[in-house]
Amino acid sequence: MAAYIARRIGQALLVIWLAYTLVFLAVQLLPNDPVTIFLSADAAASPETIAAMKAQYGYDQPLLVQYFSQLTGLFRGDFGYSLASGQPVADRIGAVVGSTLILASSAFVTAVVFALIVVASATLIRITWLKRLIINLPPLFAAVPVFWLGLVLLQVLSIQLGVMSLFPDGSFASVAVPVFVLAIHVSAPIAQVLLKSTETVYAQPFIDVLRAKGASPSWIFFRHGLKNAAAPAMTISGITVGTLLAGSVITETVFARAGLGQVVLQSVTAQDVALVQGLVLLTATAFVVVNLVVDLIYPLLDPRILKSGTHGAPRALAA
Amino acid sequence: MGNPTPPANRRSQARLGIKFLTILGVATLALSACGSGAHAPGNAAAAGSESSGPVQGGTFVYAEVTPINNWQTQAARFYEKSNVLNSVLDRLTYFDAKSGKIVGWIASDFKANEKQTEFTFTIRDGVTFSDGTPLDAAAVKENFDALGLGIKNAQVAPNVDFSAYKSSEVLGKNQVKVTLKTPDANFLRATSSVTSGLVSPATLKLDNAGQSAIANIVGSGPFVFESEKTDEEVTFAKRAEYKWAPQTAANQGAAYLDKLVVKYLPEVAHRAGAVQTGQVDLVRGLQPIDEQAVAAGGGQVLPAQGVDLTTNMAAVRIASGKLADAKVRQALQVGIDRQSIKDTVLSDSYVIADSVLNHAAPGFIDLSADLAYNPEKAKALLDEAGWKVGADGIREKDGQKLELTITSSNNSVVIKPAFELIEQQWREIGVKLINRAADNTFLTTAMIDPNIEFFGTRQFAYGGLGPVFGPENNTQTLNADPELNALFAKERAATTDAAHKELVAEEQRQLVTEKALSLVLWDEVQVYGGSSAAHVEFTSGTAPIFQGAWKSGK
């Protein structure tokens, strides 16, 4: 077990470092440097001003020097300076990360609950037309664009009915509605994968054995079916971190909420390189940590993973 | 206010009642479609008390387009910033759009020497910054140094409108004399700009991050920072002891409003609804299609004329070579049917441009005769320039097709559809336009890429047209034209009003007609939506004047 955990953590660190390095290199391919871009947004700055500012923020150094000084800066907690927002990257991200965490984690929990309800009712309900309807819900959820759903809900709830504010005013609705919008979208792949793997599990002989022994349908589903079907859905849940972030860019814009999504949008449009790098690092870390947690839970669900030595097996299955 | 809402609501609610879950999407779509012209009731009481004077008190909610974080005052060349800082910072002078004259503000008096190289400002007595520091001659000198020379320690670049600045000295307690390196007849006007707003010496001493935070920006204006929720809202409170408004301001005292709350509505589709439902008192960036809905719903459509800016234009870059010949640019200028742009994508709030300056700007000349739509003349000019129509209808010369690219930000709500129309109009004269307007990611690099032929924009022109089109790296033409720069220098050095006016006229003729480096479109205007209770006017830079604003029936 210890070796398994150590290997997973080592891989996670490697992924983060690679992501950071790749972004650093990608940024160098851009036709302009951050200082020129920042100053061009204002009226024409003189070449001397541009040169002085480049020197101030170290953008005039050779690439390798820039790379290592930025990398060592990370260990000191220095993520660089965001020119466009006029504050250190850590401050800029720190000021809004909480808002996105609340949105994303609530949306994720809600999405998992949605998915469970859909799969449980699709498996347990006997009425054929209703069952078919429920099975078709996840594709519908996946097909509804986040921004459209958000716009329609705001149009109806805020502008037509006047029951919620267009702005994040701290009321229950101003939190619940964006969470709902994001959750709908995120729940779709989880529900789809869970449905599919439940079907696969239900096709196995042990389910017939359970039925023959007289177990009730809900007992079979909750005690045996769900546990066996959970692994692929968990993998997908880990991957939804990306969907959550992409979804929060849109949700936060539509609902005028502060958050990482807005910061991503602003930093990319302003090509605020230091900020983009900080965000990529944060996203990569979040992605890797969540997937690490998923990997560490697998052995609890399926002890065979530790014995077989083919650690990637359940993930390959899900993919 | 006979409105179509109730039947529409009842209908779709009834439908919702009987049909099932899958129908929900369709129903809500129908509901929102029916409701685009509808509005919530309420706010009707306000209209009655119209004739009575300003009402004291209340909180005014203003919705800007996008949140910003870098509030450094000298770089306030974006509306998101200048619209707010206008109520936080005072300036030495004020441009009174009604009379077209520069009047006193913090400077009670000002005069220039004949050569326009020395300017003496007399500072009003008793003005203080909100931190208690006196706004005296010494503070003004510190501000001038920051504007003219930049602030090295804080990496703040000098203000482009102050490029002629050399030094200033304090004469006695309340006089400052500014010396310029070269004459600048636009210098006084530049002191009226939001970007030259006066800040407390304490603010100027902060580092870059310090000066970027709105909480640290200490001015002498009618509103003072109170609190902030990052990316969501900023709250300002009125300064009760304020009594130094511009000489021509109707309200010479403190603001009527108690509080000003700035919020953000990045989603353009919600702006009309926000004022109709009274959730905000004022919103910037109303789309032409929403104007009727706002007016019909009892709200106000408030076009603010941007006299301080150039007109909206496609600024021309000649580096790709395709537009190097002035004839080609002149052909494109008369190949635009401006009336049809107004009829199709704009509204009554917009005025077609007749020059690179707005109609109300000092020195404006009417070039409408040269701008009349004339596709036959355009074709003839292109033929003369050697661009022949190819097999696909697009002109070519030396194996190169006349394909041109436009970039612009998405801040203007009308710029993309306008260029879509121009794309069609130019197709008729054999020119292909690649429309990348409103693509902000493309803009970041395209704005400083001289091979991108057009930059769709308008710029603050407090320092005249020189700073906008002159410098080598000016974002409009990305090129220093020696003839134009000689003309700009001559204009800045003009010693009489009449001579200055004639030279400004010549600049417009050169930019629009002769060199055709600015394909002008419509006068700059920002269309605001106001709730029925809002009473607000705007500066010549389109900023709302919150000091004079009030709400009826608050």
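Any read-out appearing in this document is the output of simple, stated calculations on the displayed coordinates, not a laboratory observation. Since this is a predicted model, take the numbers as computed values, not measurements. A quick note on method: Cβ atoms are made from the backbone with ideal geometry, for glycine too, and the neighbour counts reach across all protein chains shown.
General remarks:
- Estimated FRET transfer efficiency when R0 is 25 angstrom, pair A:VAL268-A:VAL293 (beta carbons, to 0.05): 0.35
- Kirkwood Rh, Cα atoms: Rg over Rh of the stretch B:78-122: 1.07
- Within 10 Å of the Cβ of each residue in B:266-276, the mean number of Cβ atoms contributed by other protein chains is 4.
- Ellipsoid semi-axes for the stretch B:357-461, based on the Cα gyration tensor and the rule √(5λ), read 26, 21, 12 Å when sorted largest first.
- Annotation: lysines with alpha-carbon distance below 16 angstrom to B:LYS238 (same-chain offsets under eight excluded): B:LYS259, B:LYS551.
- Extreme residue, positive dipole direction of the protein assembly as shown, given options A:LEU101, A:LEU281, A:LEU151 (C-beta unit charges): A:LEU101
- Range of Cα positions in the stretch B:312-523 per principal axis (Å), largest first: 56, 39, 35
- Kyte-Doolittle at least 0.5, axis length at least 27 Å by Cα - qualifying DSSP helices, chain A: A:2-28, A:89-124, A:172-202, A:226-254, A:273-301
- The simple Förster model, with R0 at 51 Å and r as the Cβ-Cβ distance, assigns B:GLN175 and A:LEU14 a FRET efficiency of 0.15.
- FRET efficiency, B:GLU226 to A:LEU29 (Cβ-Cβ, R0 51 Å, nearest 0.05): 0.70
- When +1 charges are put on Lys and Arg Cβ atoms and -1 charges on Asp and Glu Cβ atoms, the dipole computed for chain A relative to its Cα centre reaches about 1700 debye.
- If a spin label sat at a point 7 angstrom from the Cα of B:VAL103 along the line to its beta carbon, the backbone N atoms of the stretch B:517-554 nearer than 14 Å would be those of B:538-540, B:548.
- Backbone N under 20 Å from the B:LYS377 label point (7 Å along Cα→Cβ), restricted to the stretch B:341-361: B:341-342, B:352-357
- Full extension of the chain segment joining B:LYS388 with B:GLN292 gains 30.1 nm, where the gain is 0.36 nm per residue of separation less the Cα-Cα distance.
- Charged side chains reduced to their Cβ positions (Lys and Arg at +1, Asp and Glu at -1) give the stretch B:312-523 a dipole of some 300 debye around its Cα centre.
- Chain A: C-alpha gyration tensor shape, a/c 1.5 cut-off, then a/b vs b/c: oblate
- Value of [θ]222 nm, deg cm²/dmol, for chain B, DSSP H segments ≥ 4, -39500 (n - 2.57) each, nearest 500: -7500 deg cm²/dmol
- Centre-to-centre separation between the Cα atoms of the stretch B:250-273 and those of the stretch A:178-249: 48 Å.
- For the stretch B:221-309, Kirkwood radius (reciprocal of mean inverse C-alpha pair distance, Å): 15.3 Å
- Approximate shape of the protein assembly as shown as ellipsoid semi-axes (Cα gyration tensor, √5λ), whole Å, largest first: 52, 32, 31
- Global geometry of chain B, whether rounded, prolate or oblate, following the gyration tensor of its Cα atoms and the 1.5 cut on a/c: oblate
- When each of B:LYS111/B:LYS501; B:LYS181/B:LYS515; B:LYS81/B:LYS229; B:LYS379/B:LYS490; B:LYS377/B:LYS432; B:LYS166/B:LYS490 is checked by Cα-Cα distance, pairs over 24 Å: B:LYS181/B:LYS515; B:LYS379/B:LYS490
- Judged by the ratio a/c of the largest to the smallest principal axis of the C-alpha gyration tensor, the stretch B:402-554 counts as oblate, that ratio being 1.5 or greater while a/b is no larger than b/c.
- Candidate cross-link partners of A:LYS54 among the aspartates and glutamates, defined by an alpha-carbon separation under 12 Å and a same-chain spacing of 8 or more, comprise A:ASP33.
- Within chain A, helix-based [θ] at 222 nm, where runs of 4 or more DSSP H residues each add -39,500 (n - 2.57), nearest 500: -24500 deg cm²/dmol
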